[in-house]
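*Asks:* Sharing a structure, written as structure tokens. Questions coming.
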Amino acid sequence: MTTVSPVRIMSVRRSVLLLGALEAFGPLSMDLYMPTLPQLAATLGTSDALAQATMSVCMIGLGLGQLIAGPLSDRFGRRTPILIGVALFALFSLACVFAPTIEVLLVARLLQGLAGSAGIVVTLAIARDMYSGTELSRMLSLLALVGASAPIIAPVIGGQLALVMDWRGIFGVLAGIGTAIFVLTLVLLRETLPPEQRHGGGFGTTAQHFGVLARDRLFVVMLIVSAAGGVAFFSYLSMSSFVLQDEFGLSPQLFSICFAANALANMGGAQLSRLAVSRFGPVRMYLAGQAATALAAAALLLVVLAGGGVVGVLIVLAVYLFCGGVGGPNGTTLALGGHSERAGTASAVLGTAMFVVGPIVAPLAALGGATALAMALTIAISAVVAGTLAWTVVRPLLRTSTLEP
């Protein structure tokens, strides 16, 4: 059943643009400086693995911070946690500019991720405040359209910025972007969680919310699937710059264009979902996306093993990301569907699974080197696990789900 909250006081157009910008913190934190990762390693005299770890610790921060920002937004409202998080994101981005060593940079990146997590998790809670059912899935697909602009634009801009500035300058740009988003949020964002719907029970109520989530079988499985999907996606995110530049010889500028094209494919999948979900429903779209993603990931491994070259790898990667875009918004809809009164906490747990597990597993997979085989193998195993779990547990919902049209 589709509902629209009576507290929906932002226009759809404005809410999509603003929430999409807030959700873009993760991609912006990663993609803008990705073309300069090899340069960063050389400048600080560190290894590729530690340079890659600057992405990992930020993603871990983006995940763990959601466990703080999400429950706080259920208690104090959505607006205040976002404003504090965006402001701190800008400050810690500036700290990255002046990091003298890789150790200091790792700490600054962790704090940057912790701060930026508010924009990601509270955005999902706001969307759940405003919509449910099929309309929530459509809204999340629209957010993916705006949010996916960051992975398309950021690496291209980052590649061009790399011609005129080093990685420190790019973090300065991130600080400026954070400041601009803070101003926009301060002016445009309105509260969507009225005081009477907030809980005032402190940590006891928050613990009860976590307990309810733990007893929801569907949510737990979606959590595991999200974690597996996060491993696959972060393996691509963290290894692709080394694979495409060092192994296949692409320049930073050409890599940024290829990365942007793959992000465009992911955005295309999300928009296909938005157009088709009213007819087929979130469950069917989710299952189709998960199955196709697993098949594409397996095809990627086969192409690498067969020595398909950079063109073959890029084509299959684009298909993999397109399929992931089809399933993603619908998976979030299924996970959040029964938790409107604890949307912030549920969004936090779901986001943490995706943002924390991947950054831990992916660097371990690259200990022997960030090679095409390591990337493809990790993506394939993770995506197949996610697809198998989705089909064996979520499929029975096809007959009974109230999310069907």
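The values are calculated or read from the model by the stated rules, or taken from the named source; none is laboratory data. Keep in mind it's a predicted model, so treat the numbers as computed, not measured. Methodologically, a virtual Cβ is constructed for each residue, glycine included, from the backbone with ideal geometry; neighbour enumeration extends over all protein chains shown. Areas reflect the complete protein model, heavy atoms only, side chains present, ligands, DNA and RNA absent. Shrake-Rupley method; radii C 1.70, N 1.55, O 1.52, S 1.80 Å.
*Asks:* Got at least one residue in the range 322-336 being modelled with pLDDT of 90 or more and part of a helix (DSSP H, G or I)?
*Replies:* From the range 322-336, those modelled with pLDDT of 90 or more are 322-323; that's our starting set.
From what's left, part of a helix (DSSP H, G or I): 322-323.
Yes; the residues of the range 322-336 include at least one that is modelled with pLDDT of 90 or more and part of a helix (DSSP H, G or I).
*Asks:* If you scan the range 34-87, which residues turn out to be of a type in the set (A, V, I, L, M), farther than 30 Å from Gln197 by Cβ, touching a Pro at 6+ places or on another chain (Cβ under 8 Å) and open to solvent by 40 Å² or more (accessible area, probe 1.4 Å)?
*Replies:* Initial filter on the range 34-87 (of a type in the set (A, V, I, L, M)): 34, 37, 40-42, 44, 49-51, 53, 55, 57, 59-60, 62, 64, 67-69, 72, 82-84, 86-87.
Still in the running and farther than 30 Å from Gln197 by Cβ: 34, 37, 40-42, 44, 49-51, 53, 55, 57, 59-60.
Within this subset, residues satisfying the condition of being touching a Pro at 6+ places or on another chain (Cβ under 8 Å) are 34, 49, 51, 53, 55, 57, 59-60.
Matches in the range 34-87: Ala49 only.
*Asks:* When you go through (1) more than 20 Å from the chain's Cα centre (by Cα); (2) part of a helix (DSSP H, G or I) one by one for Met165, which number turns out not to apply?
*Replies:* All conditions pass for Met165, except number (2).
*Asks:* Checking Leu105 against (1) more than 19 Å from Ala24 (Cβ to Cβ); (2) open to solvent by 10 Å² or more (accessible area, probe 1.4 Å): exactly one of these is not met. Which one?
*Replies:* (2)
*Asks:* Which number in (1) closer than 30 Å to Ala276 by Cβ; (2) modelled with pLDDT of 75 or more; (3) open to solvent by less than 40 Å² (accessible area, probe 1.4 Å) marks the one condition that Val384 misses?
*Replies:* All conditions pass for Val384, except number (3).
*Asks:* Cβ-Cβ distance below 9 Å, separation of 6 or more or different chains: which pairs start in the range 354-375 with a residue that is closer than 22 Å to Val303 by Cβ and end on one that is open to solvent by less than 30 Å² (accessible area, probe 1.4 Å) and outside any helix (DSSP H, G or I)?
*Replies:* That search, which allows pairs on different chains as well, returns Ala374/Ala366; Met375/Ala366.
*Asks:* Scan the range 168-177 and give yes if some residue there is part of a loop (DSSP other than H, G, I, E, B) and either modelled with pLDDT of 85 or more or closer than 23 Å to Ala69 by Cα (or both), otherwise no. Working first, answer last.
*Replies:* Just the residues of the range 168-177 that are part of a loop (DSSP other than H, G, I, E, B), to begin with: none.
No - not one qualifying residue is present in the range 168-177.
*Asks:* Of the conditions (1) more than 26 Å from Ser47 (Cα to Cα); (2) in contact with a Cys (Cβ under 7 Å, 6 or more places away or on another chain), Pro282 fails just one. Which one is it?
*Replies:* For Pro282, the exception is condition (2).
*Asks:* Being open to solvent by less than 20 Å² (accessible area, probe 1.4 Å) and of a type outside the set (A, V, I, L, M, F, W, C) is the filter; apply it to the range 108-128 and report the residue that is nearest to Val349 (Cα to Cα).
*Replies:* Initially, the range 108-128 is screened for residues open to solvent by less than 20 Å² (accessible area, probe 1.4 Å), giving 108-109, 112-113, 115-123, 125-127.
Restricting the remaining residues to those that are of a type outside the set (A, V, I, L, M, F, W, C) gives 109, 112-113, 116-117, 119, 123.
Numbers: Arg109: 21, Gln112: 19, Gly113: 16, Gly116: 16, Ser117: 12, Gly119: 15, Thr123: 14 Å.
The qualifying residue nearest to Val349 (Cα to Cα) is Ser117.
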